[in-house]
1. Just to be sure I understand the rule: take each whole DSSP H helix in the chain, project its Cα atoms onto its long axis, keep it if the span is 30 Å or more and its mean Kyte-Doolittle hydropathy is at least 0.5. Which ones pass?
2. Between 159, 101, 76, find the one with the highest GNM mean-square fluctuation for the chain; connect C-alpha pairs within less than 10 Å.
3. For the charge dipole of the stretch 2-198, defined by +1 on Lys and Arg C-beta atoms and -1 on Asp and Glu C-beta atoms about the Cα centroid, which residue among 160, 7, 139 has the Cα displaced farthest towards the positive pole?
4. In cubic angstrom, how much convex hull volume per residue do the alpha carbon atoms of the chain span?
5. Mean residue ellipticity at 222 nm from the helices of the chain, using -39,500 (n - 2.57) per DSSP H segment of n ≥ 4 over the full residue count, to the nearest 500 deg cm²/dmol?
6. At 7 Å along the Cα-to-beta-carbon direction for both residue 102 and residue 81, put a label point, then send me their distance in nm to one decimal.
7. Mind listing the long-range amide H neighbours of residue 132? Cut-off is under 5 Å, sequence gap 5 or more, other chains count too, H placed in the peptide plane at 1.01 Å from N.
Amino acid sequence: MALLMLTILSLITAVILITRPLLDTQSATFFIQAKNAVKMAFFVSLPPLLILIQGASSTIISAKWFNLGILLFPFSLQYDAYTIIFLPVAFLVTWSILEYSIWYMQIDPKINVFFKYLLIFLLAMVLLVSAGNLFLLFLGWEGVGFMSFMLIGWYHGRSPAATAALQAVMYNRAGDIGFMMTVCWLLMNTQSLALPYVL
C-alpha cells in the first residue's frame, strides 16, 4: 500500500512539475524552468524505485472513463516494476539532454520550442509506459511517434534530418496499422482493452 500511494503521489507530482513550464513557453527562462522541472521529476521518481527494490509489489489503478455500447473503457494506469524502473531512467536521460541542449543550442532562437517538444515527448512517454489499457497505450504511442518526428526533423533544413524524420513517420504508420489490427482482433475476441485481461 505504501508503494501504491507513493507511486501515485510521485507520478502526479512529476507530471505537474513537467507540465508547469508548458504553461508559459514564452518566458525568457523557459528552458531553465524546463530543465529544473525534469530534474525535480527525476528526484521525485526515486522513492518508489527505492521501495520497489526492497520487494514491494506493483498495482493497477483504474477508474470508469466511458462506455461504448457493451465496451467499457476504463482510465487505468499500471504501476508495475517496469514503469517504476523506467520513469527515473526517462527523467534522467531527458534531464541530461536538456543540460546538453542548453549549452549546444544557446544561440538557437527557437530553443524554447525545442524544449517544449521535448517535454511533450516526455509526457507522452510517461503515458505510454504507465498505460493500463490499449486505448491509453495508443494515445501514448501516437504522442511519442508525432513528437519523435518533430524532434528528429528539428533541423529540417538539413537533408539527412528531414529524411530521418520522414522515415520515422513511415515506421510509426506501419506500427499503427499493426497496432490497430491487433486492437480490433482483441476487441472481437475479448471485448476488453485492459492490458491485464488481454495479455
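Coordinate-derived values only; no laboratory data. None of the values given here were measured: they were computed from a predicted structure. Cβ placement follows ideal geometry from the backbone for every residue including glycine, while neighbour counts extend to all protein chains displayed.
1. Correct list, ordered by number: 81-104, 159-190.
2. 159
3. Farthest along the dipole direction, towards plus: 160.
4. Enclosed volume per residue, from the Cα hull, is 130 Å³.
5. -23500 deg cm²/dmol
6. About 3.6 nm, to one decimal.
7. Residues meeting the criterion, in which the H sits 1.01 Å from N, are 76, 77, 78.
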